[in-house]
Amino acid sequence: MTDIVATLAGGEVERRQRRGWLFSAIWLAFLFYPLERILQYRGPWPWTVAGYVSLVLFAVVFLLGFRDFRRRLHDDDRRPERTRRAWTTLFLLTALLVPVVPAAGDAVLTGSVYLAVFGIITLPGRTGVAVVAVVAAAVETLPRVVDGWTPDNSAAITVVAAAMAAWGVKTLIQRNAQLLEVRRRLADLAVVEERERLARDVHDILGHSLTVVTVKAELAGRLIDHDPRRAAAEIADIEVLARQALADVRSTVGGFRHLRLDEELLGAHSALDAAEIELCRHGTVDDVPEDRRELFARVLREAVTNVVRHSGASTCTVDLGRERITVEDDGIGPGAGGEHGSTGSGLSGLADLVRDAGGTLTIARGTRGGFRVTAEVRE
C-alpha cells in the first residue's frame, strides 16, 4: 500500500510539471498586439516574414525556458549553471524581438512584459528585480527617442505589475513544489517503515517457529529409539509448525496476520514442554483488555523464543495482568555470556512495538537469576 502511495505522490509531481506549460502559455496572449500590427504592415514582405517567424520562435523559446524553470524548481536559483541558462534564454528572447521591429513598430514593446516576467521568475531575487527595472526604463525611454513611436505613460506600470504577478506565482509554485516533495519523502518514509515492520514480523515468525522446530526435532531424535510413538507425535508437530509458519509468513506479507494471546499461550506451552521447561502461568487471557492482547501475544512469543533458545532454564513463569505481561525464567540470565546476554534484534524490535503502543519494555535479571521481560502499558 505504501509503495502505491509513493508512486502516486511521484506521479502527481510529474503531472504538475507537465501541466506547467499551461501557465506560461497564458502569457502568449500579449503577442496578439505585435501580431495584429504585422498583419496591418504594408511594407516589404521579407520584414513581414521575419516578424512572423521571430514571433513564433519567441513564443517557443519562452515556453521552453519556462518549462526548464519548472523542471529545476528544487535547484538553488543562485547556482551558476541555472543562472547562465536563464541569462542565455533572456538574451535570446531579446534578440528575437529585433526582427519584429520593422513590421510591428512600437508594438514590439509588448515583448517587454515577457522579458520582465521571465527575468523575475528565473533569476535570483535582486538580479531579477534589476532586469525588471531595466525593462521598465526601456519601455518608457524608447518611444520617446525612436521616431514614429508613441509614448505610453502606463507602459512601465504594466511591466512592473506583470513582474509582481509573476513573482507571486513563482513563490506559489515553489511552495507547492516543496509541499509535494515533502509528501513524496513522507511516502518514502512510510515505505521504509512498512518494510521494517514486515521484516520484524517475519523475523519473529521464523525465529519462534524454527526454534520450536529445532527443539522438537532434537527431542524426537532422542525418543525415536525407546519411545517411537512419542517421537512420531513430535515429528507430526514439526510438520504442523512448519505449515503454520508458512501460513503466518504469507499472512504477514498480505497484511492480514493478527496474533491471538490464547493461541500464543498454547504455543508457548508446547515449545517449553518440548524444551523440557516447566511453564508456570499466573492470570488469564480475560484479565487482559482486548486492545492489548495482540501486543502481549507478541511479547510472549518473543520472550518464550529466547527462553527456549538461550536460557538453559528449567522453569518459565508467565504473569498476565491488565496493564502488564511478565515472562521470567530461572536460566543463565543477562550478562552471563552467550546470546542470552544481550537483547538481540528481536527484543529491540519488540521494544519499538511496545513504545509505539504507549508502553515500556523492561529487560532485566529476574529474582531467580534468569531473564525477566516485562511489557507495561498503563491506561
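How do the pairs read when you match residues in segment 265-282 that are at pLDDT 85 or above with residues anywhere that are surrounded by 14 or more Cβ atoms within 10 Å (Cβ to Cβ) and of a type in the set (Gly, Ala, Ser), using Cβ under 6 Å and keeping only pairs 6 or more apart or on different chains?
277/313
Every residue, every condition in (1) charged (D, E, K, R); (2) closer than 25 Å to residue 271 by Cα; (3) open to solvent by 60 Å² or more (accessible area, probe 1.4 Å), yes or no:
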| position | (1), (2), (3) |
| --- | --- |
| 142 | no, no, yes |
| 147 | yes, no, yes |
| 165 | no, no, no |
| 168 | no, no, no |
| 196 | yes, no, yes |
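Out of (1) open to solvent by less than 40 Å² (accessible area, probe 1.4 Å); (2) modelled with pLDDT of 85 or more; (3) among the small types (Gly, Ala, Ser), the odd one out for residue 314 is which?
For residue 314, the failing item is (1).
Select the helices (runs of 4 or more DSSP H) contained entirely in segment 1-87, then report the ones holding at least 1 residues which are at pLDDT 85 or above, open to solvent by less than 50 Å² (accessible area, probe 1.4 Å) and of a type in the set (A, V, I, L, M).
Filter on segment 1-87 gives 32-40, 45-71.
From 202, 192, grab the single residue that is hydrophobic (A, V, I, L, M, F, W, C), over 30 Å from residue 271 (Cβ atoms), within 31 Å of the chain's Cα centre (by Cα) and part of a helix (DSSP H, G or I).
Every option except 192 fails the conditions.
Could you give every pair whose Cβ atoms fall below 6 Å, whose first residue belongs to segment 52-70 and is free of Cβ contacts under 8 Å to residues at least 60 places away in the same chain, and whose second residue is of a type in the set (Phe, Trp, Tyr) and open to solvent by 30 Å² or more (accessible area, probe 1.4 Å), counting only separations of at least 6 or pairs across chains?
Listed pairs, sorted by first residue: 63/21; 67/21.
Check segment 291-308 and report whether any residue there is more than 23 Å from residue 349 (Cβ to Cβ) and surrounded by fewer than 17 Cβ atoms within 10 Å (Cβ to Cβ).
no
Limited to segment 347-360, what total is found for residues that are within 15 Å of residue 304 (Cα to Cα) and either in a strand (DSSP E or B) or modelled with pLDDT of 85 or more (or both)?
Residues in segment 347-360 being within 15 Å of residue 304 (Cα to Cα) and either in a strand (DSSP E or B) or modelled with pLDDT of 85 or more (or both): 0 in total.
Please determine whether any residue of segment 106-126 is within 23 Å of residue 65 (Cβ to Cβ), open to solvent by 40 Å² or more (accessible area, probe 1.4 Å) and assigned to a helix (DSSP H, G or I).
Yes, segment 106-126 contains a residue that is within 23 Å of residue 65 (Cβ to Cβ), open to solvent by 40 Å² or more (accessible area, probe 1.4 Å) and assigned to a helix (DSSP H, G or I).
Return the residue satisfying two criteria in turn: it lies in segment 171-194 and is modelled with pLDDT of 75 or more and open to solvent by 100 Å² or more (accessible area, probe 1.4 Å), and of such residues it is farthest from residue 67 (Cα to Cα).
Selected residue: 186.
Mind checking which residues of segment 136-162 are among the hydrophobic types (A, V, I, L, M, F, W, C), in contact with a helix residue (DSSP H, G or I) (Cβ under 6 Å, 6 or more places away or on another chain) and within 15 Å of residue 106 (Cβ to Cβ)?
139, 149, 155, 156, 159 - these are the residues of segment 136-162 that are among the hydrophobic types (A, V, I, L, M, F, W, C), in contact with a helix residue (DSSP H, G or I) (Cβ under 6 Å, 6 or more places away or on another chain) and within 15 Å of residue 106 (Cβ to Cβ).
Are there any pairs with C-beta distances below 6 angstrom linking a residue in segment 203-229 that is farther than 26 Å from residue 298 by Cβ and in contact (Cβ under 8 Å) with a residue 12 or more places away in the chain to a residue that is open to solvent by 80 Å² or more (accessible area, probe 1.4 Å) and part of a helix (DSSP H, G or I), with the two at least 6 apart or on different chains, and if so which?
Short answer, once both residue conditions are applied: 220/235.
State yes or no: is residue 158 of a type in the set (Ser, Thr, Tyr) and part of a loop (DSSP other than H, G, I, E, B)?
Considered against the rule, which asks whether it is of a type in the set (Ser, Thr, Tyr) and part of a loop (DSSP other than H, G, I, E, B), residue 158 comes out as no.
From 219, 198, which residue is over 21 Å from residue 277 (Cβ atoms) and either touching a Pro at 6+ places or on another chain (Cβ under 8 Å) or not charged (D, E, K, R) (or both)?
Selected residue: 198, the only one of 219, 198 that is over 21 Å from residue 277 (Cβ atoms) and either touching a Pro at 6+ places or on another chain (Cβ under 8 Å) or not charged (D, E, K, R) (or both).
The values are calculated or read from the model by the stated rules, or taken from the named source; none is laboratory data. These numbers come from a predicted model, not from an experiment. We place every Cβ from the backbone using ideal geometry, glycine too, and count neighbours over all the protein chains shown. Side chains are part of the model used for accessible areas, which takes the heavy atoms of the whole protein and leaves out ligands, DNA and RNA. Shrake-Rupley method; radii C 1.70, N 1.55, O 1.52, S 1.80 Å.
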